[in-house]
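Heads up: the structure comes next, in structure tokens.
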Amino acid sequence: MLRVSKFTDYAVVVLSRLEAEGGVQTAPGLASGTGIAEPTVAKVLKMLAQSGLVEGLRGARGGYRLLRPLASVALSEVIVAMDGPIALTACVDGGFGLCEAEHTCPVRGRWDPVNAAIRGALSAIMVSEIASPPAAPRTAAATPMPAYAAE
């Protein structure tokens, strides 16, 4: 099963909150606003800062701020920041020495196109697309009924 880590999920939540609040936000403030434990928020922010997605500011008015709007941050960037390179298997992209069967493996290198497709899909989704609130569901009353011509 292909699944993002909890840290990636938390990172999207924290980034969303940073954008919604605007300006500089503290880890305790973000923890309070997201319901995520403060040590976890601090760890997520540190990893996001190391990857260049947020900036940490020191001092009395310190905290963290976004370096780019979420509409320009690909989901793949967040995944890589939190979990490392996106790879389905150890041998993707020509990796060597990571699998005991690599010298006799009949599918070695065949996962590369699959991995590239997944990376491409994740790169095409901006964080703002999943961080924004979902659109209100349409109700039956709001959906017009088609008019049928009398025969």
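The values are calculated or read from the model by the stated rules, or taken from the named source; none is laboratory data. Note that the structure is predicted; figures quoted are calculated from it, not measured. Because the Cβ atoms are built from the backbone with ideal geometry, glycine has one as well, and the counts that use them run over all protein chains shown.
Can you tell me which of T26, T89 is in contact with a strand residue (DSSP E or B) (Cβ under 8 Å, 6 or more places away or on another chain) and either of a type in the set (A, V, I, L, M) or in contact (Cβ under 8 Å) with a residue 12 or more places away in the chain (or both)? Even if it seems obvious, please write down each step before you answer.
Working: T89 fails: in contact with a strand residue (DSSP E or B) (Cβ under 8 Å, 6 or more places away or on another chain).
Among T26, T89, only T26 is in contact with a strand residue (DSSP E or B) (Cβ under 8 Å, 6 or more places away or on another chain) and either of a type in the set (A, V, I, L, M) or in contact (Cβ under 8 Å) with a residue 12 or more places away in the chain (or both).
Would you tally the residues in region 11-46 being in contact with a Pro (Cβ under 8 Å, 6 or more places away or on another chain) and surrounded by fewer than 16 Cβ atoms within 10 Å (Cβ to Cβ)?
Going through region 11-46 one residue at a time, the tally reaches 1.
On the basis of being over 12 Å from the mean Cα position of the chain (by Cα) and among the aliphatic types (A, V, I, L, M), does A49 make the cut? Spell out the reasoning first.
Numbers: over 12 Å from the mean Cα position of the chain (by Cα): yes; among the aliphatic types (A, V, I, L, M): yes.
When the stated conditions are applied, A49 passes them.
Which number in (1) modelled with pLDDT under 95; (2) under 19 Å from the mean Cα position of the chain (by Cα) marks the one condition that G95 misses?
Tallying (1) modelled with pLDDT under 95; (2) under 19 Å from the mean Cα position of the chain (by Cα), G95 fails exactly one: (2).
Considering only region 28-41, I want to know if a residue exists there that is over 16 Å from S128 (Cβ atoms), touching an Asp or Glu at 6+ places or on another chain (Cβ under 6 Å) and in a helix (DSSP H, G or I).
Narrowing region 28-41 to residues over 16 Å from S128 (Cβ atoms): 28-41.
Going one step further and asking which of them are touching an Asp or Glu at 6+ places or on another chain (Cβ under 6 Å), we end up with 28, 31.
Still in the list and also in a helix (DSSP H, G or I): 28, 31.
Yes; the residues of region 28-41 include at least one that is over 16 Å from S128 (Cβ atoms), touching an Asp or Glu at 6+ places or on another chain (Cβ under 6 Å) and in a helix (DSSP H, G or I).
Kindly indicate whether R3 is basic (K, R), assigned to a loop (DSSP other than H, G, I, E, B) and either surrounded by 17 or more Cβ atoms within 10 Å (Cβ to Cβ) or free of Cβ contacts under 8 Å to residues at least 60 places away in the same chain (or both).
On the way: basic (K, R): yes; assigned to a loop (DSSP other than H, G, I, E, B): yes; either surrounded by 17 or more Cβ atoms within 10 Å (Cβ to Cβ) or free of Cβ contacts under 8 Å to residues at least 60 places away in the same chain (or both): yes.
The answer is yes for R3.
Got a number for residues in region 42-56 being in a helix (DSSP H, G or I) and polar (S, T, N, Q)?
Of all residues in region 42-56, those in a helix (DSSP H, G or I) come to 42-50.
Within this subset, residues satisfying the condition of being polar (S, T, N, Q) are 50.
Total satisfying the criteria: 1.
From the list Y148, Y64, pick out the single residue that is modelled with pLDDT of 75 or more and of a type in the set (S, T, Y). Lay out the reasoning, then the answer.
Numbers: Y148 fails: modelled with pLDDT of 75 or more.
Selected residue: Y64, the only one of Y148, Y64 that is modelled with pLDDT of 75 or more and of a type in the set (S, T, Y).
Identify, please: which residue in region 57-83 is among the charged types (D, E, K, R) and assigned to a helix (DSSP H, G or I) and is, among those, farthest from A20 (Cα to Cα)? I'd like the intermediate steps shown before the answer.
Looking only at region 57-83, we keep the residues that are among the charged types (D, E, K, R), and these are 58, 61, 65, 68, 77, 83.
Then keep just the ones that are assigned to a helix (DSSP H, G or I); that gives 77, 83.
Numbers: E77: 20, D83: 24 Å.
So, considering only residues that are among the charged types (D, E, K, R) and assigned to a helix (DSSP H, G or I), the one farthest from A20 (Cα to Cα) is D83.
Out of region 11-23, which residues are of a type outside the set (A, V, I, L, M), without any contact (Cβ under 8 Å) to a residue 60 or more places away in the chain and either assigned to a helix (DSSP H, G or I) or in contact with a strand residue (DSSP E or B) (Cβ under 7 Å, 6 or more places away or on another chain) (or both)?
Pass one, region 11-23, residues of a type outside the set (A, V, I, L, M): 16-17, 19, 21-23.
Right, trim to without any contact (Cβ under 8 Å) to a residue 60 or more places away in the chain and you get 17, 21-23.
Listed by number, the residues that qualify are R17, E21, G23.
Restricting attention to region 105-119, does a residue exist that is at pLDDT 70 or above, closer than 22 Å to A11 by Cα and not in a loop (DSSP other than H, G, I, E, B)?
So in region 105-119, the residues at pLDDT 70 or above come out as 105-119.
From the residues that got through so far, the ones that are closer than 22 Å to A11 by Cα too are 118-119.
This time we only want the ones that are not in a loop (DSSP other than H, G, I, E, B), so: 118-119.
Checked region 105-119: at least one residue is at pLDDT 70 or above, closer than 22 Å to A11 by Cα and not in a loop (DSSP other than H, G, I, E, B).
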